Every structure is written in structure tokens, then in C-alpha cells.
Amino acid sequence: MRTPIVAGNWKMHGRLEMARTLTADIALSAPADVEVVLCPPYPYLGVLAEVLENRSVALGAQNLASEAEGAYTGEVAGEMLAEFGCRYVLVGHSERRSLFGETDDEVAAKFCRAQAAGLQPVLCLGESQAEREAGDTEAVIARQLDAVLSRAGVAALTTAVIAYEPVWAIGTGLTASPAQAQAVHAFIRARVAQQSPEVAAGVRILYGGSVKADNAASLLAEPDIDGGLIGGASLDADSFLAICQAATTAQ
Ligand code: 13P
């Protein structure tokens, strides 16, 4: 049995007051049988860790440096995130890959750094519209996944989460259909199973890309969809909580 996870990726939205209110509202009503993770912008982590004291909702960051320490102006180390109460960190989000040029190798390095700092990486994988239209979805996902598997080893996935986020579905309102998402999730699980059936059976694979309160239940009902990585709908407590609720009933 895989405990569902619903994570909110706020991206670079909102300001401190919104962050406080949203976090408090979510913490108050988050269902107990789903792992709920909030990934606010870096500067708010310390304040929100206090808001979340003695609450079951966890904190995650949206990115981390691929190095532990040193002269890397503007970067933030995994250990620093852990000090501020983070338990999770997104790694290889498509916006990091496409807008900030993160390569598969860099993503794999970040994945390892996250684990070395005691954080659970949420490894984001996904194909662009052009790659899907060219029939390359599985090849792209395999390449992105293999970069991490070959560097970290399959056992590393016992303390990690995978998120499938088709780039064409992010922020566009175009959700993958439950069948389209399930097909890619099953592909990811099967690829992990080639190296370890036990690890594959336990690893949680989240779907992200225009998940909303009204489409969450049908996506989460699929056997290989173990939760969601939510962008826009995580900025509204009611919408996000409705998605969390859909994850409990999908179990
Ligand atoms: P949207 O839910 O806004 O499409 O964003 C998805 C996402 O990128 C979450 O990481």
C-alpha cells in the first residue's frame, strides 16, 4: 500500500501574508491519511516551518544546489533547506530544465545532494508537446529517469518520489487524460522494476499538470497514480484541500 502524497508547488507566486494564511488554512484541514507537502519560495521556509510546528503537513523546497558548500553565489544547499525544516525538495522541474538549462546530469547530481542532506527528492520527469507528437514520450522519460538511476542506484528510490509532469499540461489547462497519465506512470514503474521489482512496487509516482479539484479524482483513481504535484490549484486552500481529499478516497 502506497500512502498518497499531494504536493503544492507555489512557484514564484504570492507574498508573505498569502503564504502564512494559505499554510495555516491548509494545515488546519489537511486529511490525516495523505502526506501533504507545501513547496513555497525559499525565503518563506523559516516562517512557514513555525506555522507548521506540530502539524502533519510537511515543507518542501522547489530546488537546491548541486553542490554542498562553496562559492556559488545565489545557490542554496540542501543542508540549509533541512535546517529550515524541509523534508522534500523538487528536483528537475521542467521549468528548471527548460528555463534554467538544467541537464539530466545536473538533475541527477541534485537528486544525490538532496538525499545526502536528508531530504526526499521529488524527481520531476516529463516530455514536451513536440516530443509527444514525435512519439518520443517514453524515450524522453527513460533518458531522464536513467540519468538518476545510473548515478544514484535504484535503491535510492526507496527514499524518493517521482513526479510525471508532461510539459504541455503545465499551467495550460490541458490535463493528460487519466489513461494517458496512467500509461506513462506504468512505463516508469516498469522501468524501475527492471532493476528492482520491490523498489518499483513501493515508489510513489505523482502526476502533475493542470490538476484541479474537478479532475483530481479521475486521475488519482488510476492504479499507478499515487498522488499529485499541484501548481496553480495549490494557491487556493479550498481547491488544494479538495485535491487532498480526492487522494484519500482514491486509496
Ligand atoms: P499546474 O498545476 O499549474 O499546471 O502546474 C503543475 C506544476 O508544474 C507543478 O509542479
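The values are calculated or read from the model by the stated rules, or taken from the named source; none is laboratory data. Being a predicted model, the structure only gives us computed values, none of them experimental. Counting neighbours? That spans all protein chains shown, and the Cβs are built from the backbone with ideal geometry, glycine included.
Computed quantities for the displayed model
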item	result
Considering residues of region 162-191 that are within 9 Å of the ligand (Cβ to nearest atom) and hydroxyl-bearing (Ser, Thr, Tyr) only, the residue nearest to LYS11 (Cα to Cα)	THR172
Single condition ALA117 does not satisfy, out of (1) more than 16 Å from LEU64 (Cβ to Cβ); (2) away from the ligand (no atom under 16 Å from the Cβ); (3) in contact with an Asp or Glu (Cβ under 8 Å, 6 or more places away or on another chain)	(1)
Test: residue in region 2-13 that is over 19 Å from the mean Cα position of the chain (by Cα) and surrounded by fewer than 16 Cβ atoms within 10 Å (Cβ to Cβ)	no
Region 77-101 - residue that is away from the ligand (no atom under 14 Å from the Cβ), in a loop (DSSP other than H, G, I, E, B) and not hydrophobic (A, V, I, L, M, F, W, C) and, of those, surrounded by the fewest Cβ atoms within 10 Å (Cβ to Cβ)	GLY101
Pick from region 206-229, criterion within 15 Å of the ligand (Cβ to nearest atom) and out of contact with any Leu (no Cβ under 9 Å at 6 or more places or on another chain), ranking: nearest to GLY8 (Cα to Cα)	LYS212
Subset tally (residues that are over 20 Å from SER210 (Cβ atoms), assigned to a loop (DSSP other than H, G, I, E, B) and either within 16 Å of the ligand (Cβ to nearest atom) or out of contact with any strand residue (DSSP E or B) (no Cβ under 7 Å at 6 or more places or on another chain) (or both)) for region 1-27	2
The listed residue being of a type in the set (S, T, N, Q), under 24 Å from ARG191 (Cα atoms) and free of Cβ contacts under 8 Å to residues at least 40 places away in the same chain, out of THR103, THR158, THR137	THR103
Residue identified as polar (S, T, N, Q) and within 17 Å of the chain's Cα centre (by Cα) among SER150, SER128, SER98	SER98
Some residue of region 193-205 being within 16 Å of the ligand (Cβ to nearest atom) and modelled with pLDDT of 95 or more	yes
Within region 28-39, considering residues that are in contact with a helix residue (DSSP H, G or I) (Cβ under 8 Å, 6 or more places away or on another chain) and not in a strand (DSSP E or B), the one farthest from ALA217 (Cα to Cα)	SER29
Any chance GLY173 is surrounded by fewer than 20 Cβ atoms within 10 Å (Cβ to Cβ), at pLDDT 95 or above and out of contact with any strand residue (DSSP E or B) (no Cβ under 8 Å at 6 or more places or on another chain)	no
Criterion: without any contact (Cβ under 8 Å) to a residue 40 or more places away in the chain, buried (at least 17 other Cβ atoms within 10 Å of the Cβ) and not acidic (Asp, Glu) - qualifying residue of ALA27, ALA71, ALA32	ALA27
